[in-house]
Amino acid sequence: MARYLFPADFMADPSVHVFNDRIYIYPSHDWEEGNIENDNGDCYIMKDYHVLSTDDPMHGEVIDHGKVLDVQDVPWARRQMWDNDCAEKDGKYYMYFPAKDHNDVFHIGVAVADKPEGPFVPMPDPIRGSYSMDICVFKDGDDYYMYFGGIWGGQLQRYRDNLAIENPHLPAEDEPALPGRVVKLSSDMLQFAEEPKPVVILNENGKPLVQGDPHRFFEASWMHKRGNKYYFSYSTGDNHTICYAVGDNPYGPFTFKGVLLQPVVGWTTHHCIVEHKGKWYFFFHDSQPSGGKSWLRSLKCEELYYDADDNILPIKNV
Ligand code: FUB
């Protein structure tokens, strides 16, 4: 049975990594204060980040390392600190986080720490050329890749070919779906090393999923690797499932494989997949403990399994 990881507070959007053999959880920190629910995501009014850690996500003690970054300490950011992620390089820890700037436009910032549990010191400006939200940072050999993007409140529909467009819109239902983005990070981990590229998801006939497909990308990118396979998983947003697709390199394209998680209590669904001590885990959130409030979500974890053909088995017992 899935475990609620941290009943003492409302947290969501888990990004999880193993640093020094220990599991570190980088969640959003949900906040209740006159929340207004709409398609812009205005009810998600998070102001800071905490870091949690544990040695055993299904049974062990989960420690809250306290507040590690506050929106007030980020000069360019005004509000809505959503899903973040963290990467380690050469003994430094880099937290990547989205926030809306003073013009209410999402950008992605970096904050640096000496320890995985922070505290994190923000860079004065966001990453040049960054936009949208929902960040996953994936290390592959010596390279680090950032996956990002989300539609509706995540503002991804405002961009084509990495440029803002005048009339934000989604593709027509029969056109290729609006893709998430992937970009290699610079060697100092503080900028993009290249222009972000589309993360294309193909159907079984090798054609891109169309915008009207219930399995098309919406938000919550996550990348993990097992053997030589690259697993790109994501949320379908208003269709309320978590799906995955498989490729043979970090840029894709990825071929759609299936649904991992059926709708949970609450509007959003957001997850990550991590290996620790030979076991695989699926971290996610739902709004059951808050009685279904979209903006008050609780972190959960369940073990994850593959079949003999390396397909991921759908998560049950949620
Ligand atoms: O937490 C705010 C937003 O809700 C996230 O960015 C999305 O993935 C959804 O979980």
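Couple of notes before you dig in:
- Hey, I45 within 16 Å of the ligand (Cβ to nearest atom), open to solvent by less than 50 Å² (accessible area, probe 1.4 Å), in contact (Cβ under 8 Å) with a residue 40 or more places away in the chain and more than 25 Å from E275 (Cβ to Cβ) or not: yes
- The set of residues from the stretch 50-73 being open to solvent by 30 Å² or more (accessible area, probe 1.4 Å) and part of a strand (DSSP E or B) comprises I63, D64, H65, K67.
- Criterion violated by H240 - all others in (1) away from the ligand (no atom under 13 Å from the Cβ); (2) on the phi > 0 side of the Ramachandran plot satisfied: (1)
- Within the stretch 95-109, considering residues that are part of a strand (DSSP E or B) and more than 15 Å from the chain's Cα centre (by Cα), the one surrounded by the most Cβ atoms within 10 Å (Cβ to Cβ): K100
- Of all residues in the stretch 278-314 being under 26 Å from R22 (Cβ atoms) and without any contact (Cβ under 8 Å) to a residue 60 or more places away in the chain, the one that is most open to solvent (accessible area, probe 1.4 Å): Y305
The values are calculated or read from the model by the stated rules, or taken from the named source; none is laboratory data. None of the values given here were measured: they were computed from a predicted structure. Quick reminder, even Gly has a Cβ in these numbers, built from the backbone with ideal geometry, and neighbours come from all protein chains shown. Just so you know, the surface numbers come from the protein's heavy atoms only, side chains and all, with ligands and any DNA or RNA stripped out. Shrake-Rupley method; radii C 1.70, N 1.55, O 1.52, S 1.80 Å.
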